Amino acid sequence: MAERGKDYKEYWRRNLQIQFWLLLIWFIMGYVLSVFLVVPLNSIHLGGFPLGFWFAQQGAIYVFVVLIFVYCKLMRNLDREFEVDEG
Amino acid sequence: MGILGWTYFWVGITFGVYIFIAWRSRVSDTKGFYVAGMGVPPVANGMATGADWMSAASFISMAGLISFLGYPGTYYLLGWTGGYVLLALLLAPYLRKFGKYTVPDFVGDRYYSQSARMVAAACTVFISFTYVCGQMRGVGIVFSRFLEVDINTGVIIGMCIVFIYAGLGGMKGITWTQVAQYCTLIMAYLIPAIAISTKITGVPIPQIGFGATIASGPDAGKYLLDTLNVIARDLGFIEYTKAFASTNVNMLNVFCIMFALMVGTAGLPHVIIRFFTVPKVRDARISAGWALFFIALLYTTAPAVAAFARYNMINTLNEKPYAEAPAWFKNWQRPGLAAWIDKNGDGKIQYRPGAPFEGRPSWKMENGQHVLGQYQQPLLSNKPTDNQNELYIDQDIMVLASPEIGGLPAWVVGLVAAGGLAAALSTAAGLLLAVGSAVSHDLYYRVINKTATEKQRLLVARIMIGVAIACAGWFGIYPPAFVAQVVAFAFGLAAASLFPIILLGIFSTRVTREAAICGMLAGIIFTAVYIIQTKFLGVSNWFLGITPEGIGTVGMVFNFIVTFIVTSFTKAPPKEIQELVEDVRIPKGAGAAVDH
C-alpha cells in the first residue's frame with residue numbers, strides 16, 4: 001500500500017521509541033530496584049517497609065499499571081498526529 | 001446462620017447469577033462464540049481478563065506462598081503482573097488489529113502455513129490443559145472444606161456450571177460471567193483483608209497496613225514487618241523481609257524465573273484471546289491497563305494478607321497447648337491440610353523451621369475413626385523428622401482460613417469460599433474456551449473441513465467445549481500425581497513457543513514460515529526435554545544451574561536464535577504477508593474486522 005509511505009516509517013519509529021523507554025522503566029522497576037539492588041535498598045526504610053522489599057511487593061506493581069495507561073495516552077497522541085487513529 | 005449456612009447462601013446466590021448471565025448472553029453465531037462479537041467494553045474486558053487470569057492459585061495459594069517464603073514470594077508477584085506490560089505494549093493492540101479469532105489463527109496466517117497453525121494449536125491445547133488441572137483441584141478443596149461434600153461431587157457440580165455458561169454463550173457468556181466472578185472474588189479477598197488489617201494495625205488499607213505498627217497486644221507500637229523479622233529470628237527462620245539470605249544465590253536463575261513467568265503470562269493463549277473481544281485497537285491497549293489495575297488490586301493485597309496471616313498464625317498456635325488451639329486449626333485437620341505431632345510430649349504446639357514429618361499427613365484410623373492421642377489430637381502414621389518442628393500447615397489454607405484465624409464473622413468465611421470458587425471457575429472456563437476454539441476453529445474448520453457451515457462450526461465448537469470439560473473433570477477427580485510439577489510447563493512452553501513467534505510476526509516483516517516452525521519446535525523441545533530431565537529423571541540443572549521454572553527464558557532465547565538463523569537462509573515471505581504485517585502496526589481500519 002503506497003499511501004503508507006514515509007509517514008508510516010516515521011510513525012513506526014516513534015512507536016518503537018515509546019516502547020523502548022517504557023520497557024526500560026519496566027525493567028528498572030521489576031528487576032533492578034526489586035531484585036538486583038534489593039539488599040542495599042533494604043537499609044533505607046519507608047515507614048515500616050524496607051525500601052527494596054516495598055518496591056518488590058508493592059511499588060513495582062503500581063508502576064506497571066501506570067506504565068500501561070501512559071502508553072495508551074502516548075499512543076493515542078501519536079495516532080492522532082499521524083492520522084491513523086480509528087476515529 | 002453458621003459458616004456452612006452462609007457458604008451455601010453465597011455459593012447459591014453467585015451460581016444463580018452466573019447461570020442467569022449465561023442465559024441472557026447466549027449466542028447463535030461463531031463470532032459471538034469465539035470473540036463475543038468483538039463488542040466488549042474495555043473496562044468490562046479488563047475485569048473479565050482479571051478473573052480469567054487470577055486462578056485458584058492466585059486466590060487460594062499465592063498469599064500462603066508469600067507468607068511462608070517472605071521476600072522470595074516477590075518473584076511470583078512481579079512475574080505474574082509484569083507480563084501485562086509486555087502484553088499491552090508488544091502484543092495486544094496488533095493482534096486486535098489483525099482481527100481474527102484465535103492465537104493459531106494469527107500464527108497460521110502470518111506464517112502462511114498450515115503446519116505453523118497446527119504447531120501453534122497443539123501448543124495452545126497443551127498449555128491450557130496443563131493449567132486446567134490445577135483449577136479443578138482448587139474447586140475440590142473449596143467444596144470439600146466449606147460445603148462438606150465429597151471432592152468428586154464438587155468437581156462435577158463445577159463442571160456442570162462451566163458447561164452451562166461456556167456451552168451456551170461461548171466467549172460472550174464467559175466474558176459476562178467473568179465480570180460477575182471478578183466482583184465476587186475481589187470482594188471475597190478485600191473484605192477479610194481490610195478487616196484483618198484494621199484489627200491488627202488500625203489501618204483499614206491493607207497495602208499500607210502491613211507497613212504500619214501493631215495496634216495492641218504484647219507487640220503494640222512496633223512495626224509489623226520488624227516484629228515478623230524478630231519472631232522469625234527467634235524461631236530460627238530466615239527474616240521475613242530479608243532478600244538473598246544465603247550467599248550463593250544464582251542471580252541469573254532468579255532473573256530467568258521472573259522473566260519466564262512474565263513472558264509466559266504474555267504468551268498464554270487464553271489471556272491473549274481476551275484482547276480479540278474489544279471493538280477497537282485502542283480498546284485493546286486500554287483494557288490491558290484495566291486488566292492489570294484489577295489484578296493489582298488483588299496482587300498488592302496478597303503480600304499484606306501474607307504478612308498478617310503469618311503474624312496471626314504464629315501468635316495463635318506457637319507454644320500454645322493443643323487443647324486450647326483455635327477451632328479453625330482443628331477444622332482444617334479433617335481434609336489433611338493441617339496437623340500436629342507432639343514430638344517432645346509437652347502437649348504444646350512448637351512451630352520451627354523444617355518439615356515436622358515425612359510427606360503429607362496420613363492419619364491413624366481404626367474402624368473409620370481417628371485414633372486420638374493423650375491431648376485428644378488425631379495421631380499420624382507419618383515418620384517424624386528429627387527437627388523440633390511439630391506443626392504442619394498447608395500453604396493453601398492461609399487465605400481460606402484467614403477470616404477464621406482473624407476471628408471474623410461467619411458470613412465473611414462463606415464469602416471467601418464463594419470467591420475461591422469464582423476464581424477457579426472463571427479461569428477454567430477461559431482455558432476450556434481456548435482449548436475448544438483451537439480444536440474446533442483451527443483444526444476442524446481451518447484444516448479438516450474448510451467448507452463447514454456456520455451452524456456446523458458452532459455445533460463443533462460446543463461439542464469440543466463439552467469434551468474439554470469432561471477431560472478436565474476427569475483430571476479433577478483422578479488428579480495425575482504430577483499436577484503441581486507441570487505448572488512450570490505451561491509458562492515455560494508459552495514463553496518458549498508462542499510469545500517469540502507472535503512477537504517476531506509483528507516486529508519483523510522478514511521472518512519466514514520455515515524459521516517460525518523451526519523456532520517454535522526448537523523452543524518447545526528444548527524446554528520440554530529440560531523440564532522432564534530435571535523434574536522427573538533426576539538430572540541436575542545442567543544449563544548454568546537454571547531451575548526448570550526458569551528454563552522457559554532460555555528456551556525463548558533459543559527460539560529467537562534458531563528463527564533468525566533459518567530466516568537468513570530462506571526466501572523472504574510473499575509480498576502480501578509483508579503488507580499484512582505493516583497493516584497490523586497501524587490502528588486505522590480495525591473497525592472492519594473480518595469474518596472468514
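The numbers here are math on the coordinates, done by the rules we state, and not lab data. Owing to the predicted nature of the structure, the values given are computational and were not obtained by experimental measurement. Cβ atoms come from the backbone with ideal geometry, glycine included; neighbour counts cover every protein chain shown.
Count charges around A:ASN15 for me, please; just the other residues with Cβ under 11 Å from its Cβ, Lys/Arg as +1, Asp/Glu as -1.
Details: positive: A:LYS9, A:ARG13, A:ARG14, B:ARG585; negative: A:GLU10, A:ASP79.
Summing Lys/Arg as +1 and Asp/Glu as -1 gives +2.
Listing B:SER58, B:SER362, A:SER43, B:SER287 from the residue with the fewest other Cβ atoms within 10 Å to the one with the most, what is the order?
Ranked by crowding around the Cβ, least crowded first: A:SER43, B:SER362, B:SER58, B:SER287.
Please identify the helices of chain B, taking whole runs of DSSP H, that span at least 30 Å along their own axis as judged from the Cα atoms and have a mean Kyte-Doolittle score of 1.0 or higher.
Details: long enough: B:3-24 (31 Å, 1.27); B:114-142 (42 Å, 1.04); B:151-201 (47 Å, 1.25); B:281-317 (53 Å, 0.84); B:410-437 (41 Å, 1.81); B:454-477 (35 Å, 1.10); B:513-536 (33 Å, 1.20).
Once both thresholds are applied, what remains is B:3-24, B:114-142, B:151-201, B:410-437, B:454-477, B:513-536.
Gain in length, B:VAL447 to B:ARG26, computed as 0.36 nm per residue apart minus the alpha-carbon separation, to one decimal in nm?
Additional length available on full extension: 148.8 nm.
How much length is gained if the chain between A:TRP12 and A:VAL66 is pulled fully straight, taking 0.36 nm per residue apart and subtracting their Cα-Cα distance, in nm to one decimal?
On the way: separation 54, 0.36 × 54 = 19.44 nm, distance 2.28 nm.
Net length gain for the segment: 17.2 nm.
Say the cut-off is 20 Å between C-alpha atoms; which of B:LYS100/B:LYS450; B:LYS242/B:LYS383; A:LYS73/B:LYS97; B:LYS383/B:LYS535 go over it? Spell out each step's value before the answer.
Working: B:LYS100/B:LYS450 16 Å; B:LYS242/B:LYS383 32 Å; A:LYS73/B:LYS97 18 Å; B:LYS383/B:LYS535 25 Å.
Pairs exceeding the cut-off: B:LYS242/B:LYS383; B:LYS383/B:LYS535.
Provide the net charge surrounding B:VAL278, with neighbours chosen by a C-beta distance below 10 Å and charges set as Lys +1, Arg +1, Asp -1, Glu -1. Don't skip to the end; give the middle numbers.
Details: positive: B:ARG96, B:ARG274, B:LYS280, B:ARG282, B:ARG285; negative: B:ASP283.
Overall, the nearby charge balance is +4.
Assign one of three labels to the protein assembly as shown, namely rounded, prolate or oblate, based on the Cα gyration tensor with a ≥ b ≥ c the square roots of its eigenvalues; rounded applies when a/c is under 1.5, prolate when it is not and a/b is larger than b/c, and oblate otherwise.
Details: a/c = 1.80, a/b = 1.53, b/c = 1.18.
Cα axes put the protein assembly as shown in the prolate bin.
Using label points projected 7 Å from each Cα along Cα→Cβ, tell me how many nm separate A:LEU24 and B:VAL529, to one decimal.
Roughly 3.9 nm, to one decimal.
Among rounded, prolate and oblate, which fits the stretch B:352-412 when a ≥ b ≥ c are the square roots of the eigenvalues of its C-alpha gyration tensor, a/c under 1.5 means rounded, and a/b larger than b/c means prolate?
oblate
Pairs of alpha-carbon atoms within less than 8 angstrom and 6+ residues apart define the contacts here; what relative contact order does chain B have, in percent? The partial results should precede the final answer.
Working: 1100 pairs, mean separation 168.2, N = 596.
Relative contact order for chain B comes out at 28 percent.
Mind checking B:364-375 for the average number of partner chain beta-carbons within 10 Å of each residue's beta-carbon?
Partner Cβ neighbours, averaged per residue: 0.
Using the number of other C-beta atoms within 10 angstrom as an exposure proxy, rank B:ILE3, B:ILE397 with the fewest first.
Details: B:ILE3 20, B:ILE397 25.
Ranked by crowding around the Cβ, least crowded first: B:ILE3, B:ILE397.
If you take the beta carbon distance between A:VAL32 and B:SER246 as r and set R0 to 25 Å, what does 1/(1 + (r/R0)^6) give as a FRET efficiency, to the nearest 0.05?
Using R0 = 25 Å, I get an efficiency of 0.70.
In percent, what relative contact order does the stretch A:1-77 have, based on Cα pairs under 8 Å that are 6 or more apart in sequence? Please report the intermediate quantities before stating the final value.
On the way: 45 pairs, mean separation 22.5, N = 77.
After rounding, I find 29 percent.
Kindly rank B:4-12, B:203-211 from highest to lowest mean number of other beta carbons found within 10 Å of each residue. Don't skip to the answer; put the middle values down first.
Numbers: B:4-12: 18.3, B:203-211: 20.6.
Descending mean neighbour count gives B:203-211, B:4-12.
First check a/c for chain B, with a ≥ b ≥ c the square roots of the eigenvalues of its C-alpha gyration tensor; if it is under 1.5, answer rounded, and if not, answer prolate when a/b is larger than b/c or oblate otherwise.
The shape class here is prolate.
If you line up the long axis of helix A:5-27 against the longest principal axis of chain A, both from Cα atoms, how many degrees apart are they, to the nearest 10?
10
Sequence-distant or interchain residues sharing an amide H contact under 5 Å with B:PHE357, placed H: which?
B:THR385
Tell me which aspartates and glutamates have Cα within less than 20 Å of B:LYS280's Cα, excluding those fewer than 8 residues away on the same chain?
Within the straight-line limit of under 20 Å, B:LYS280 reaches these aspartates and glutamates: A:ASP79, A:GLU81, A:GLU83, A:ASP85, A:GLU86, B:ASP105, B:GLU582, B:ASP583, B:ASP595.
Only helical DSSP H runs with n ≥ 4 go in: add -39500 (n - 2.57) per run for the protein assembly as shown, normalise by residue count and round the 222 nm mean residue ellipticity to 500 deg cm²/dmol.
-20000 deg cm²/dmol
Given points 7 Å out from each Cα along the Cα-Cβ axis, report the B:LEU521 to B:LEU235 separation in nanometres with one decimal.
5.3
May I ask you to sort B:ASP342, B:ASP396 by Cβ crowding, counting other Cβ atoms within 10 Å and putting the fewest first?
B:ASP342, B:ASP396
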